[in-house]
1. Give the order of A:Ser204, A:Ser211 when sorted by the count of other beta carbons within 10 angstrom, beginning with the fewest.
2. Taking the simple approach of a point 7 Å from Cα along Cα-to-Cβ for both A:Leu324 and B:Arg120, what is their distance in nm?
3. How big is the charge dipole of the protein assembly as shown about its Cα centre, in debye rounded to the nearest 20, if each Lys and Arg gets +1 on its Cβ and each Asp and Glu gets -1 on its Cβ?
4. Considering only B:Gly127, A:Ser279, A:Leu189, whose Cα is most displaced toward the positive end of the charge dipole of the protein assembly as shown, charges sitting on Cβ of Lys, Arg (+1) and Asp, Glu (-1)?
5. Between the range B:221-279 and the range A:361-392, what's the alpha-carbon centroid distance in Å?
6. How many times 2.2 N^0.38 Å is the alpha carbon radius of gyration of the range B:1-150?
7. Just grab the label-to-label distance for B:Asp194 and A:Glu132, each label 7 Å out from Cα along the Cβ direction, in nm (one decimal).
8. Pairs of alpha-carbon atoms within less than 8 angstrom and 6+ residues apart define the contacts here; what relative contact order does chain B have, in percent?
Amino acid sequence: MRSAVFAILKREYLERVRSRWFVIATLAGPLLFVAIAGLPLLTAGSSGPTELVVVDRTGRLLATVRPGLEAVGYSVTSVTGADTRAERDPAGVRSGSIRDGRLFGVLVLDSATLATGSARLTVANALSPLREVALRQVVAQSALVDRLSSDAPEALALLSGGSLEVDILDARVEVEGSDFIFAYLGSFLLYMTLLFYGVAVMRSVVEEKTSRIVEVILSSVRPIELMLGKILGVGAVGLTQLGIWALSVGVLAEVGLPRLLAARPELAALAEFDAVAPSTGQLILFLAFFLGGYFLYSSLYAAVGAMANSDQEAQQAQAPLVILMIVPAVILPGVLENPESSMAVWTSLVPFFAPVLMFARAVSGWASAAEVTAALAGIAVTTVVVAWVGGRIYRVGILMTGKRPSMRQLWRWVRAG
Amino acid sequence: MTDYAIRLRGISKRFGDHVAVEELDLDVPRGTICGLLGPNGSGKTTSIRMILGIYVPDVGTVELLGGTPDHAHRRRVGYLPEERGMYKKMRVLDHLAFIGELRGVRAAEGRRRGGEWLERLGLSEWGDRRVEDLSKGMQQKVQFVATVLHQPDLLVLDEPFSGLDPINQDVLEGIVRELNDQGTTILFSTHLMDQAERLCRRVCLISRARKVLDGDLREIRRAEDRGDVAVEFDGDAGWLDIPEIEHAREEEDGWHLRLRDDVAPRVIVERALAAGVELHRFEREAPRLHEIFVRHAGEDAATEAGRPPAAQITAAAR
């Protein structure tokens with residue numbers, strides 16, 4: 001018996017993993033990510049000249065402007081005091097170098113810079129918004145520092161963004177913003193993947209039914225073995241896909257990101273990404289709720305597939321399941337905003353909602369270990385019941401053709417099994 | 001004591017109000033080719049599904065290869081359902097290996113045997129193609145290979161030759177005979193009586209969910225022999241209108257005559273000579289399965305098979 005389940009699992013897995021669909025779906029995720037995060041890396045080498053001539057007519061801003069500019073990737077050649085008088089028109093003198101790309105540009109700081117933070121920059125082509133913002137901030141920042149250090153040295157502290165000390169009266173949990181982000185993205189990913197792989201199981205059942213291969217298989221295999229092999233096979237495909245994604249994101253964060261930041265310092269904001277990366281415990285939570293939710297929903301989807309005679313019929317018959325899945329996705333924002341409300345606690349304990357909601361509360365740190373355990377146990381118990389009922393519906397339905405069964409017929413199938 | 005591959009005792013199956021099979025008894029001794037005959041919708045497929053344990057009979061017992069139709073015994077059976085599907089996107093050899101694996105043949109061994117069978121059936125260059133690229137006839141051959149790949153003791157074929165062209169039909173019939181010579185028991189269902197006559201040692205006729213008749217085909221035909229004769233001649237058929245002939249029927253291969261009781265066949269030859277027709281053929285004719293079926297189940301039941309009754313001329317009508 002075990003060998004038959006394994007043969008079915010293996011076929012399901014290999015046929016799917018080898019298919020064009022799998023390659024496309026698996027590549028599309030990380031590729032999109034790479035396209036967004038990694039494209040600047042590809043263009044980094046061809047970003048043109050980085051040498052910037054700074055003409056400091058104020059005589060005091062260069063000290064703060066230079067490190068700022070270097071931090072965002074420019075090499076600074078300064079032209080100060082004495083040269084200023086010699087060159088009335090520094091940009092005009094260097095326009096040849098700028099045009100043929102040996103020089104990025106000329107930045108002139110003068111009294112207006114001290115007064116209002118405005119400066120003059122001469123470059124060959126229009127600036128990308130990103131570069132412009134970065135340059136403007138460096139100049140404004142150094143002007144501000146200059147002004148504050150003379151007028152109100154103590155106000156400098158404000159520049160660093162201030163600080164907020166939070167006193168928590170009932171310190172049950174510690175919530176970090178990064179956890180919140182993973183809770184949100186993770187539950188969304190759970191919702192998407194559970195729906196995706198559940199439907200994959202359903203379609204596979206319908207395909208076997210409409211192609212009539214099922215009768216050949218059932219002459220040597222028990223229906224429950226076929227169902228189990230199929231669910232395990234599709235589940236293994238799901239884990240493979242998630243694994244590939246996790247690995248690529250991991251590699252990107254560990255190797256790609258530092259290199260990207262080294263090449264393009266102006267993208268420093270991306271470093272925040274590192275802080276969003278989930279901990280091992282959070283990944284285990286994700287895996288646990290993925291597996292629990294997957295077995296629960298795929299058993300339901302297998303039964304729905306067994307009831308239907310065609311893909312269209314299956315699409316209609318799955319409506320109640322889709323609603324079951326959409327409910328947690330809809331109330332997720334509310335639960336995350338108010339994770340301790342009784343609504344959040346109770347809905348996240350409902351087995352059909354728990355994969356998404358309890359995961360979100362657990363990762364963001366608002367669910368106790370007891371609540372997580374209760375949710376997982378609830379999912380497990382419900383899965384056993386659903387698999388038993390679904391298996392019986394599957395067993396009868398898989399060989400039935402003709403009209404879709406009524407609820408009464410379904411009940412008879414379950415009892416007769 | 002005879003060893004049986006299949007023994008059914010009083011099995012019945014209903015679906016709601018519809019009675020699919022009613023109190024069916026059937027013995028299939030090991031080593032025989034047995035035909036399960038009956039018109040469409042008479043209960044052949046349901047019976048076969050009960051033999052294979054896909055359906056559980058409402059009442060009655062099924063004995064398969066000396067035991068219950070459980071997993072271990074079912075593995076020794078090769079089953080080709082009437083509505084047989086394949087995984088269209090799979091490659092032919094992968095498909096064969098998978099079906100073999102379900103029945104306990106290791107994947108590599110299944111591929112090897114599959115390759116040999118494909119070569120034998122002239123499909124060797126199709127092993128790495130997808131199933132959907134094959135013609136319908138080729139798919140049917142591949143399905144047959146999948147059925148016999150694990151060298152079953154019992155082959156159960158539900159309408160195995162339907163939709164095949166005569167050449168491929170002959171090829172598969174030859175293989176069925178050969179497997180039977182090697183000791184494989186074969187049960188196949190068909191609504192084509194002449195095909196059963198060619199292949200079967202035993203037959204079981206069912207109609208409207210009930211068994212009509214079963215047993216050794218030769219014995220049945222002997223018991224059912226009514227002294228019919230077949231004649232071929234040139235000339236006017238008017239001489240057939242004589243009291244000695246109860247019933248005359250013309251088919252492509254000549255006339256088939258039912259004689260009245262106590263009429264010696266010799267009399268017909270004399271009548272033909274007297275009528276002056278040129279007689280080419282005259283022979284005693286064993287009853288045909290179709291005729292036996294009609295005799296036992298009635299003409300209505302037989303026409304349910306979708307086979308129009310042959311052109312008939314009765315003496316009385318003319």
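1. The most exposed by this proxy come first: A:Ser211, A:Ser204.
2. 4.8 nm
3. Details: 80 positive and 89 negative charges, 225 e Å.
Its charge dipole is roughly 1080 debye.
4. A:Ser279
5. First find each Cα centre; the distance between them is then 82 Å.
6. In units of the 2.2 N^0.38 Å rule of thumb, it is 1.18.
7. Modelled inter-label distance: 8.9 nm.
8. Dividing the mean separation by the residue count of chain B yields 20 percent.
Every number in this text was worked out from the coordinates using simple rules, so none of it is lab data. Being a predicted model, the structure only gives us computed values, none of them experimental. Using ideal geometry, Cβ is built from the backbone for each residue, glycine included, and neighbour counts are taken over all protein chains shown.
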